[in-house]
Amino acid sequence: MAIILATNMCSITNSKTVEGIKRLASEDKLQSRSALPLLEASSSRRHLLVSVGPSLATLACGLSPSVVWAEENSGDKEEEDKGVIGAIKSLFDPNEKTKSGKVLPKAYLKSAREVVKTLRESLNETSDDIAKFRRTADSAKESIREYLGSWRGNQTVVQEESYVILEKVIRSLANFYSKAGPSAPLSQEVKSEILDYLNTAEEFL
C-alpha cells in the first residue's frame, strides 16, 4: 500500500508540474508585448521551473518506493530473527507446553509418552508371531521400568493428571499379574480399561 501511495503522489506531482508550466507559458504569451527585461525574467523563471520541477518529481518517485522497500525488508528481517531466537530458546528450554496448556519437564513428557506408545502397541498386538509379540511386550516393560526409575514419587509431577493416570495403569497391570500369574494373557476387560487410561493420559501429555 505504501508503494501505491508513493506512485499516486508521483502522478499528482507530475500533473501539477505540467499544469504550472502551461500556465506560465500562457502568461508569457499574453505579456509578449512587454519590455525585453520582463520577457527575459519570465523566460528564466520558466526554464527554472522546467528544470527543477521534473527533478523534484523524479526525486519523489525514485526515492519513496526505495525507502518503503527498505522499511518492509527491515520488518521482515526482525520477524525472521525473532523466529530463530524463539526456536533456539525452545531447543534449550528444559520444559514444554502440553496439549492441555501446562508446562512440564520435557524429560518427563518424553518418558510418559513412550509408556503410552509402547504399552498401547503391546495391548493392540494381535499377531500370531510370538517373536513379534514378545518384542512389543519387552518394549512396553522397558519404557515402564525407565519411567518408574526416573519419575515415580517425583514432586515435580506427582500432582499432574498424566502421572496419576499412569499410576493407575501400572497398578492395574500389577494387580492382574499378581493374581493370574506373570505369563497369563490380559483379559479383555483389563485390556479395555488400560487402553482407556492410556487415551486419557495422552490428552494431558
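Of everything listed in (1) under 19 Å from PHE204 (Cα atoms); (2) open to solvent by 30 Å² or more (accessible area, probe 1.4 Å); (3) at pLDDT 95 or above; (4) not hydroxyl-bearing (Ser, Thr, Tyr), the single unmet condition for ARG145 is (1). Working only within the range 110-139, note down all residues that are at pLDDT 95 or above and buried (at least 19 other Cβ atoms within 10 Å of the Cβ). Result: SER111, ALA112, VAL115, VAL116, THR118, LEU119.
Residues in the range 173-194 that are farther than 16 Å from ALA112 by Cβ and among the aliphatic types (A, V, I, L, M): ALA174, ALA180, ALA184, LEU186, VAL190.
Scanning the range 148-157 for residues that are surrounded by fewer than 18 Cβ atoms within 10 Å (Cβ to Cβ), part of a helix (DSSP H, G or I) and either without any contact (Cβ under 8 Å) to a residue 24 or more places away in the chain or touching a Phe, Trp or Tyr at 6+ places or on another chain (Cβ under 7 Å) (or both) yields LEU148, GLY149. Do we have any residue at all in the range 189-204 that's buried (at least 16 other Cβ atoms within 10 Å of the Cβ) and assigned to a loop (DSSP other than H, G, I, E, B)? Yes, the range 189-204 contains a residue that is buried (at least 16 other Cβ atoms within 10 Å of the Cβ) and assigned to a loop (DSSP other than H, G, I, E, B). For the range 158-186, a residue qualifies if it is under 30 Å from PRO105 (Cα atoms), in contact (Cβ under 8 Å) with a residue 24 or more places away in the chain and outside any helix (DSSP H, G or I), and exactly one does: GLU160.
The values are calculated or read from the model by the stated rules, or taken from the named source; none is laboratory data. Note that this is a predicted model, so its numbers are computed, not measured. Here Cβ is always computed from backbone atoms with ideal geometry, including for glycine, and neighbour counts include all displayed protein chains. Side chains included, ligands, DNA and RNA excluded: accessible areas come from the protein's heavy atoms. Shrake-Rupley method; radii C 1.70, N 1.55, O 1.52, S 1.80 Å.
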